[in-house]
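Structure, as structure tokens:
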Amino acid sequence: MSELSHVDGQLPHEPEKATLEGRNKVLGFWLFLGGEVVLFGTLFSVYLALRDQILDGPPPQELFSLPLVAIATLILLTSSLTSVFAIQAMHRNNRTALINWLVVTVLLGFGFLGLEIYEFIHYAHEGHTFSASAFSTSFYTLVGFHGAHVAFGVLWISLLIAQLFKKGLTVVTAPKVYVAGLYWHFVDVVWVFIFSVVYLMGKVG
Amino acid sequence: MAHAHAVKRYSGLMDWLTTVDHKKIGILYLISGGFFFLIGGLEAILIRIQLWKPMNNFVSPDTYNELLTMHGTTMIFLAAMPVIFALMNAIVPLQIGARDVAFPFLNSLGFWTFFFGGVLLNISWFTSTGAPAAGWTSYVPLASPMFSEGHGVDYYVIGLQISGLGTLVGGINFLVTIINMRAPGMSFMRMPMFTWTAFITSALILFAFPALTVGLVALMFDRLFDGNFFDPSSGGNVVLWEHIFWIFGHPEVYILILPAFGIISEIVSTFSRKRLFGYSSMVFATVLIGFLGFMVWAHHMFTTGLGPVANSLFSIATMLIAVPTGIKIFNWLFTLWGGSITFTSANLFAIGFIPTFVMGGVTGVMLAAAPADFQYHDSYFVVAHFHYVIVGGLVLGLFAGLHYWWPKMFGRMLNEGLAKLTFWTFYIGFHLTFFVQHFLGLIGMPRRVYTYLDGQGFNGMNLVSTVGAILMGIGTIIFLINIAVTAAKPKNAPADPWVDGRTLEWSIPSPAPEYNFAQTPLVRGYDALWKEKMDGNKGMTPAEPLGPIHMPSPSILPFFMSLGLFIMGFGLMYHQWILTGTGALMTFGCMFLRSVYDDHGFHIDPDELKDKGVKA
Amino acid sequence: MMKRWHVLKRLLPLLAGVALLLSACGRADLSTLNPQGPVAQSQFDLMKLSISIMILVVVVVFAIAIYVLIRFRRRPGNDKIPVQVEGNHKLEIIWTVIPLILLVILGIPTIQTVFALAEDYSRDENAVVVKVTSHLYWWEFEYPQHGVVTAQELVIPTNAKIAIEAKTADVLHSFWIPALAGKIDTNPGGNVNRMFFEAPKPGIYYGKCAELCGPSHALMDFKVKAVEPASFENWVNAMKAPAQLPSDPEIAEVFQSECLSCHAVGELGGPAFPNLTGIGSRESVAGILLNTEDPEYENEGTTYENLYRWIQDPQAIKPGNAMPKVDLTEEELEGIARYLSELKLEGFDPAELQGNSVTNDDQEKQQ
């Protein structure tokens, strides 16, 4: 019975893969991310097909403010790094460090969301509302989908932090933390594409 | 043991609402898929009654368009896919020697989201604005808020979104199950063909359904939140919808047909007492069909105006699919060649499948020639083609599979006489209905027409087609009678009721006990059970000593999670934000509970197994 | 019981007749199997090639299947275990390579035809350009080279390339003249689709909408009238002749206030809905009420009867179309129907359509 084999309190080196349930979870999550790639791929294609249809709204060159987006990018990339530190702490079986790094990750996530909300409100004032044009609809859908992923991730990781407090680091909680880390990296990678495809290409025209 | 106290086990209705047992979920899929199949079938009969003579007034044009939309949508998403999932759930874990699927909880969630999505879609019939009427492809601008006022298409968008989620969850579950949960010795190249096709189908689901998700989200935004994706006056693009829909929609066709290929492979092999001919080329062909399935979506759009280069490329890519499909056909024929063939009802359906599917396949190649498709496209020729593939292919395959695995699912043998009667009525009815439709299309009858004028030469063949449809209906009713008759009989099917069973599911009692295998079997080759039989062994060699078996606990959460989505869907459609919030709270609340409370499951002790007469 | 017998009795000759019907290949003015122009012919050639290859495949598979099922069925008492064959490389290569060769045979002409049919003749001086705009549920045909707009009836000269530029004013439709050419979708926005076709024989051909567009999708038929080039010139000139209002001033007033607000006759009226110029010379009213002196079916009648029927209740004829039921007295209704039925095109009376048209040929064949 694999899930009972570590009764001595010693966690195995990779606790997320210690049980069949854990291995299933990690594999299933990788596959889920494969589906997410298709999801975002389709959203990107839609955006690329419609990005020139700005009608009377402001063109992306005027609209986008790169410094703001660059800060958001920096924040999100840093949070990816802190989530790596968290997983490393987990592999060292260091619960305190794990929790601390996850807290930092969550805080950075909140920071990113704050900036994004500010950015959207600013755009709406410029006349770049959801219903303004095909460009604006596809922009908000793509970037908004990503934002919703960040928001979900932040809530999810917060819940995991609470569970780590209560239940400790076990072969049950470890796979959860591990897949949340995978998720967080994925969300970051998507952002890198959004940054290049939406913002940089938008600026270049 | 930490689990000395028994976990609460439900009975009756609560048992079905909370079950995480893949075999019971399979039965749930079968019942609800079967129910939707009857609804879709009824819609088809109404369509055919309307068309039995020219200028008929049986239903109004609006109702007709609702019927044709709901018939297509129901049959594809709510009937065909769930029955496929029913067989996958009931059989795949048994075929690979697993005690369960990888995610029993998600399995139940997948079922309930599918179920509530389907119910939501069908509730549209009872609203004042009626069911969606823009076709199962829901092409914009017809499906846009300007040309489809009322809530019909909203039901389509949200219903499919919810049931699509369930399908996606199911697909991931089967991928992980097949990759991680195979019994010792069950290598990939020893997996039964049905498991292989379930595997590839699940992969196609994983990579195709997210595209549909995006398409439906975009259409939902356009319809409910004033978005501009498909509104040309605001810069939207209607051809974009066609692309998104068919990037999903074409792989969907292979999602449907591949499991049928798997079922046919199993049955043809069993009832000719021969190993499947060219097993590895069958596997290769399955993978190749799955791969090519993603490369050909624009052959649904030859008349959209994509230009000659795109049309040529998609023509050729589409024709290529004929090669792996041909490999399969000949492999089946040569499995039969030299065999010792018995004509059980299951085998009748399987053998009936082969020529029928070939006919659907060759018209597919004909359609692939783009310039000729300019003539076939959106005519009855296309209707004939895809019904040959989906009914003559998939539905015959599903009937074959149901007759074959019925004893394993329910412990009772279906009545062979009634089953053969089902076959002949359905089969003759099918060809009568759809064969003439090829010619209707060729002589100029467009599809999706609620009526046709007299004097165009369409009358006779339409009448024949309607008569055929009624025969198919009678065949289905005979099948239902057979189920009822069988249910009254004692549960006495042996473990290997067909005597010549070759794969692992026939090594365990019928129906399978809740833990499937008291001891995980050791697989020593392809056709694992057949190999043991030939070596003179009584059954499988166990790969482990008899010990306590860990089982997941039942849970009501998947039911409420899906109910939450269902409520949320209504809230979104009618802009009732409190309702939306309640639904969201329900769904996310259940997710929260699931995450916070660990499910340790329970154990079935070896003593309990011994009581049931399992040898140690 | 009696009733069931009755149906069966009606059915038996029908079933027997099916085979006959199939070989008739349908009406010459409607069927893709009886092509009347080079485009439909090239598509038909490809269909013939593909169906020949496919019949070959079907025959091989059926033959093997039947042989196997008879030869290898289990005889009573035979409990032998057959040899368990894993496969056969030679055979497997054969049924991989032969289909590939067949596909090459089909693929090459396919690509050739794709490109041949994608030729753009819209800038060809000898071609007749027609801008096709589809509406719920009618067809608008504009001839930019001739400055003429008409509806429901596409008049074309024989032996000239007809270059179609198709778009829609609302939802997707698909422009299809089975006997002359395959279809092309009509897309909204700036997305114009092009195709061309040619009609060597004078005649009247069926046109259809092939994309689901709403309740009256089934009724969105139109006619293609192919006439000699000289007749076509006459038609263009007649279309441009000054319009004449009804002679009865009361009817003229009602016609102007009720009809011309949406429709146009000559230079009068609005362009938003079907142009009525020369409607008395057309083959049908609303595309589906066929004008004939000797009506046989529900949807046939004289031009006057059909116009009367249509104006009286357009929604009953084509559910969901944009024309409302106009509040007219019986006299006004009759007067307008009479006026429109007599609104013929002066000097356009193509003799080539009398007697020897494709349609007439075919009707003889059907009887």
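Readers should treat all values here as calculations from the given coordinates under stated rules, not as data from a laboratory. What you see is a predicted model; the values in this text were computed from it and never measured. All Cβ positions, even for glycine, are placed from backbone atoms using ideal geometry, and neighbour counts span all protein chains on display.
log10 I(q)/I(0), Debye, Cα-only the range B:389-511, no solvent, q = 0.16, 0.17 Å⁻¹? So the normalised log intensities are -0.81, -0.87.
Translational diffusion of the range B:116-181, estimated by Stokes-Einstein from the Kirkwood radius over alpha carbon pairs at 37 °C in a medium of 0.692 mPa s, is 251 µm² per second. Once backbone amide H atoms are built at 1.01 Å from N, B:LEU142 has C:LEU172 as its partners under 5 Å, excluding neighbours fewer than 5 places away on the same chain. For the range C:65-94, the set of trypsin sites (Lys or Arg not before Pro) satisfying both a DSSP loop assignment and a count of at most 13 other C-beta atoms within 10 Å is given as C:LYS80.
When B:ASP535, B:ASP154, C:ASP45, B:ASP378 are arranged by Cβ crowding within 10 Å, least crowded first, meaning fewest neighbours, the order is B:ASP535, C:ASP45, B:ASP378, B:ASP154.
Each principal axis of the range A:127-188 carries a Cα extent, and these read 50, 18, 12 Å when sorted largest first. Between C:ILE108 and B:ALA584, the C-beta separation translates, for a Förster distance of 45 Å, into a calculated FRET efficiency of about 0.20. What the phi angles of the range C:97-103 give under the Karplus curve with 6.51, -1.76 and 1.60, with θ = phi - 60°, is a coupling list of 7, 4, x, 4, 5, 4, 5 Hz, glycine and proline written as x.
Listing C:ILE64, B:ILE267 from the residue with the fewest other Cβ atoms within 10 Å to the one with the most, what is the order? Please list the in-between numbers first.
Values: C:ILE64 17, B:ILE267 27.
Lowest count first: C:ILE64, B:ILE267.
Given that compact globular proteins tend to follow 2.2 N^0.38 Å, what is the ratio of the alpha-carbon Rg of the range B:313-409 to that value?
Numbers: Rg = 15.7 Å, N = 97, 2.2 N^0.38 = 12.5 Å.
The reported ratio for this selection is 1.25.
Using alpha-carbon pairs under 8 Å, 6+ residues apart, how would you state the relative contact order of chain C in percent? Taking the mean separation of contacting Cα pairs over the length of chain C, I get 16 percent.
For the range A:167-196 and the range C:54-82, write down the distance between their C-alpha centroids in whole Å. Result: 56 Å between the Cα centres.
For the protein assembly as shown, the alpha carbon convex hull comes to 187 Å³ per residue, rounded to a whole number. The angle between the Cα long axis of helix B:238-271 and the main principal axis of chain B comes to about 40°, on a 0 to 90 degree scale. Fewest-first ordering of A:GLU126, B:GLU242 by other beta carbons within 10 Å of each residue's beta carbon gives A:GLU126, B:GLU242.
Give C:LYS161/C:LYS208; C:LYS48/C:LYS183; B:LYS328/C:LYS48 a once-over and call out the pairs whose C-alpha atoms are over 24 Å from each other. Could the numbers behind the result be given before it?
Values: C:LYS161/C:LYS208 20 Å; C:LYS48/C:LYS183 18 Å; B:LYS328/C:LYS48 26 Å.
The answer is B:LYS328/C:LYS48.
For the pair the range B:571-593 and the range B:461-510, the centres of their Cα atoms are 41 angstrom apart. Against the longest principal axis of chain C, how steep is helix C:38-71, in degrees 0 to 90 to the nearest 10, with axes from Cα atoms? For helix C:38-71, the angle is close to 30 degrees. Relative to the longest principal axis of the Cα atoms of chain B, the long axis of helix B:416-442 makes an angle of roughly 30 degrees.
With all pairs of separate Cα atoms included, chain B yields a Kirkwood hydrodynamic radius of 25.2 Å. Each residue of the range B:485-493 was assigned a 3J(HN,Hα) from its phi angle through the Karplus expression (A = 6.51, B = -1.76, C = 1.60, θ = phi - 60°), giving 4, 5, 4, 7, 7, x, 7, 10, 5 Hz with x at Gly and Pro.
Rounded to the nearest whole Hz, the Karplus-based 3J(HN,Hα) values (6.51 cos²θ - 1.76 cosθ + 1.60, θ = phi - 60°) of the range A:113-128 follow the sequence 4, x, 4, 5, 4, 4, 4, 5, 4, 4, 4, 4, 5, 6, x, 8, with x at glycine and proline.
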